[in-house]
1. Provide, for q = 0.11, 0.20, 0.22 Å⁻¹, the log10 of I(q)/I(0) from a solvent-free Debye sum over equal Cα point scatterers in the chain.
2. Can you compute the helix-only [θ] at 222 nm over the chain? Use -39500 (n - 2.57) per DSSP H run of at least 4 residues, normalise by all residues, nearest 500 deg cm²/dmol.
3. 7 Å from Cα along Cα→Cβ at both Ala57 and Ala15: what's the point-to-point distance in nm?
4. Evaluate E = 1/(1 + (r/R0)^6) for Ala48 and His75, where r is the Cβ-Cβ distance and R0 equals 25 Å; express this FRET efficiency to the nearest 0.05.
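Nothing in this text is a laboratory measurement; each read-out follows from the coordinates by a stated rule. The shown structure was predicted, so the numbers you read here are calculated from the model rather than taken from an experiment. Cβ atoms come from the backbone with ideal geometry, glycine included; neighbour counts cover every protein chain shown.
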Amino acid sequence: MIAVTAMVRIEQIEAAINVWRERRPTPETPNACPTLCAEARALADVYALMIYRKDAAIDASILTTAQTAALQDAHVQLT
């Protein structure tokens, strides 16, 4: 039997990061250090690795629980 797994495209990761940045923007207080929320940070790790490796897509099964949740909660559909 062949197992079918979902693939996640780099565009989906980027879109989810942008959703989280819009939902939970960086605080705009004087002298504040720009930071990403936890969901965007979780996705930024895999996004950076995909850029470094020049991956257009990755197998969804390698994502951590936090990364999968961040994608799903951003309403990004896995293909």
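1. Log10 of I(q)/I(0), two decimals: -0.30, -0.84, -0.97.
2. -15500 deg cm²/dmol
3. Using points 7 Å along Cα→Cβ, the separation is 1.3 nm.
4. So, using R0 = 25 Å, E works out to roughly 0.65.
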